[in-house]
1. Scan the range A:2-55 for GluC sites (Glu not before Pro) in coil per DSSP, keeping those whose Cβ has at most 16 other Cβ atoms within 10 Å, and list them by number.
2. What size of dipole, in debye to the nearest 20, comes out for the protein assembly as shown about its Cα centre when the only charges are +1 on Lys and Arg C-beta atoms and -1 on Asp and Glu C-beta atoms?
3. Please name whichever of B:142, B:186, B:157 sits farthest to the positive end of the charge dipole of the range B:119-206, dipole taken about the Cα centre and charges placed at Cβ: Lys and Arg +1, Asp and Glu -1.
4. What pairs from B:167/B:223; B:223/B:746; B:88/B:284; B:362/B:411 go past 32 Å between their alpha carbons?
5. What's the magnitude of the charge dipole for the range A:85-162 around its Cα centre, counting Lys and Arg as +1 and Asp and Glu as -1 at the beta-carbon? Answer in Debye, nearest 20.
6. Taking only the alpha-carbon atoms of chain B, what semi-axes of the equivalent ellipsoid follow from 5 times the gyration tensor eigenvalues under a square root, in whole Å, largest first?
7. Taking the alpha-carbon distance from residue B:575 and a cut-off under 23 Å, which lysines remain once sequence neighbours fewer than 8 residues away in the same chain are dropped?
8. Hey, got the average number of other protein chain Cβ atoms within 10 angstrom for residues in A:35-45?
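No value in this document is a laboratory result; all are computed from the given coordinates. Since we're looking at a predicted model, the values are computed, not measured. A quick note on method: Cβ atoms are made from the backbone with ideal geometry, for glycine too, and the neighbour counts reach across all protein chains shown.
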Amino acid sequence: MQVTMTVNGTEYTREIEGRMLLVHFLRDVLGLTGTHWGCDTSNCGVCVVWLDGEPVKSCTVLAAMAGGHEVRTVEGLANGAELDPIQEGFRQCHGLQCGFCTPGMLMTCRALLDKNPDPTEGEIREAISGQICRCTGYSSIIRSVRWAAVHEASSAQEEVSAQ
Amino acid sequence: MTTTQDAKLTEFEDNDQKPVGFGRMLRKEDARLLRGRGRFVDDVQLPGMLHLAILRSPFAHANIVSIDTSAAEASPGVKAVVTGETLKGLGLAWMPTLSNDVQAVLATDRVRFQGQEVAFVVAEDRYQARDALELIDVEYEVLEPVVDVRKALSPDAPVIRTDLEGKTDNHVFDWETGDEEETNRVFASADVIVKEDIVYPRVHPAPMETCGSVADFDPVEGKLRLWSTTQAPHAHRTLYAIVAGLPEHKIQVIAPDIGGGFGNKVPIYPGYVHSIVGSIVTGKPVKWMEDRSENLISTGFARDYIMRAEIAATREGKILAIRTNVLADHGAFNGTAAPVKYPAGFFGVFTGSYDLQAAHCKMTAVYTNKAPGGVAYACSFRITEAVYLVERIVDALAYELQIDPAELRLKNFIQPEQFPYTTKTGWVYDSGDYEPTMRLAMEMAGYDELRKEQAEKRARGELMGIGIAFFTEAVGAGPRKNMDILGLGMADGCELRVHPTGKAVVRLSVKTQGQGHETTFAQIIAEELGIPPADIDVLHGDTDNTPFGLGTYGSRSTPVSGAAAALVARKVRDKAKLIASGMLEVSVADLDWVKGAFQVKGDPGRSVTIQEIAFRAHGAGDLPDGVEGGLEAQICYNPSNLTYPHGAYICVVDIDPGTAEVKVRRFIAVDDCGTRINPMIIEGQVHGGLTDGVGMALMEMISFDEDGNCLGASLMDYLIPTALEVPDWETGYTVTPSPHHPIGAKGIGESATVGSPPAIVNAVVDALKPFGIRHADMPLTPSRVWDAMRGQATPPI
């Protein structure tokens, strides 16, 4: 079957099998290997991408279901050489070690900050509770999100005062 | 010694101290990983690449009567179907394990655990390969499995390893350490003896990236390139040469980015060999990537020790001796990853951090119809089991003597002046100063106030527990005189080259799986040579481009390879000094090293930087007599001893009396890993290990039903902590340098995995004190805690 979807702002049309998972479509067909595959049961969250702005586990979404929709992956986070504040937060606060869960974590945390620009520790824990990180023990991920929240708030304030 | 609590990262500052050497430095590897530009094995795409899927046994124990592959071979996209019989013809049906046993690459005669590899399919895409698996028709004759490890040596137990000539039982090995007679003598005259049966259940490292490989055999060059999820690329290359008969120089093993290892990626798994065979058979590159269930049911498990622990003491609380009897479940093939002379790994450190009069351990290992393994799950070889044993039994002694567990430990520590300290099982602890570490943890926890709070809560019927663990680890295997894996000595090579403009490249034999080697090793070179870390490239994970060494596991990278890096930099510095003496026209004796430059003694204005020296080393003009051009060196470092990091952990739990759910409220970890290279990375390593500890103590277990079906075959059944199950970690440190390590560093990667389970279990048992509980086994799930509260605590296996 033919599927057309927008991924990170670019429209792609590809011929695929109806059973193909979105994670495999992104990785194997489009070559966007930043999104990972980890468990098949929606427990680990290394495959999280956005579907129309909502984080979803792409190992349990058929590529066909994303047809006509907008997908955003980790490759679509940075603006050229400039990291998104959530990426910079993870860098500053050692929010990643092996880096395998990181793309999914980044997508979930970006979505959290978009909805809730000043999340508490508890809200961050809740937001990432569908995802597993074996390396960091989560504290540094929570700090990373807080770092991004604080920096986004201060740069927003700078913009306001500049105007 | 410095003792301090780690500073919390602030929300506002740039967290990079930009050190030229040791200090908090942001990681070099993050740039690619944050952008989705890491390159993991499953990201490797080669032209014409095929995909491989493995058919696994649904039974724990069964004879293979017949295999019909004809329908699978006719399935769309299928390029090859390979069975054990095919491999037998090639002499590849069996391969050596890391413990000198053999393991089936594909089963020929019978299957010996659920999930064992029976056949594989190579097809054009992953979906077609899996489709074809469904079409392979295997007829099995189901046999009685050996599931209960306690019955494995019963005379009527079915013999599992019929492939081993003359094998008439399921016995793997007996092992003993310490002095039995002396230990029994001390026990006979002791005031108090406390005994507990303690189980360390089977668990699984379960890294987020499963295992896999891409094999590309070029028949014209005769060269095999293998991208593989391996923690030990060089050791694997040599083993492939031995297994497959390929010449070693024609094998290139590449470990690209690795999504966590924790010991799971130390062994060679049949799937790696399948991909090699698949590529040779089809003439195309072949990718194998296991799914999560395959990872959990077939790759290296950890622990699975059933231990009887006994401790002897005086009535006043002086610990005299410890003895233990262990029954070890090694699964169907002995795949334990440990130095050859150490079949039980470094379990001998069960004497802990205490000054004993005697100790003895007797162990028996057996085969069962379960997956092979016995890898370290983020611990040095079997240290986790040893530390759990001693810290649990010491707590049981405190319970019996009604002494505070902190006080009991403080009373029995090996004293600083006793180091180097030889334990009653023969381990030589290099350095340690335990009391300040313990005191700092107690201070950070507010130990006395916690005990007060607990007393008040107990009076109200609330269940609050405070658990302590104090550990000494033995990491950094190891001296080649007595440590090797399959005959390969456990030394590590390192090569350093300084380019003409003063930038450098360092090549390592070890391989990061998230530990941050690209940063840490640049910092070690920077500390020694004064070249900024940003100007130093760290290459690792490719056997064609790095020196030989045994890889990253057992917290050995910093103790062994880190030492190699420091020493190779010193070799370069020595050469730089000769060149500097020529440049400054003074004798080498008249030069002082100030980080990054040599200057003339008494005349600091006359100096040359390492960068200037590098250019001169490659430039025009004469060099001093006998000095070759270039600025580079190589080394193979053989450690003289292991390093022995230690730590004091305190855990606070609350248990809901209505649901028996355990909540870890606080966790204080004070670690001493000697010299600290990058505090940020150290803290991260500790955090990760503490989370593993919560998993093992409260959630994780690979169990089996009576037919040998694995009950932990997905992440729905094998529970790993999420952000909701763990607290915000509180960490601190003391610094007791290793006397024999060039920079005084000890391993840190696994301390927290080792130290946290006993702290958590001790806290839970402490909370349950009102119920008269002295011991309860992991995992302390609500149902198991509930049983314990009702006086019905049972072992998990």
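1. Details: sites: A:11, A:15, A:17; in loops: A:17.
Here the GluC sites (Glu not before Pro) that fit, given the DSSP loop and packing criteria, are A:17.
2. Working: 87 positive and 127 negative charges, 245 e Å.
Result for the protein assembly as shown is approximately 1180 debye, rounded to the nearest 20.
3. B:186
4. Values: B:167/B:223 39 Å; B:223/B:746 39 Å; B:88/B:284 22 Å; B:362/B:411 27 Å.
Listed pairs above 32 Å: B:167/B:223; B:223/B:746.
5. Working: 7 positive and 9 negative charges, 82 e Å.
In debye, rounded to 20, the range A:85-162 gives about 400.
6. Values: eigenvalues 340, 302, 106 Å².
Its equivalent ellipsoid spans semi-axes of 41, 39, 23 Å.
7. Within the straight-line limit of under 23 Å, residue B:575 reaches these lysines: B:503, B:595, B:601.
8. Details: counts 1, 8, 7, 10, 12, 6, 7, 2, 9, 6, 2.
Average per residue, whole number: 6.
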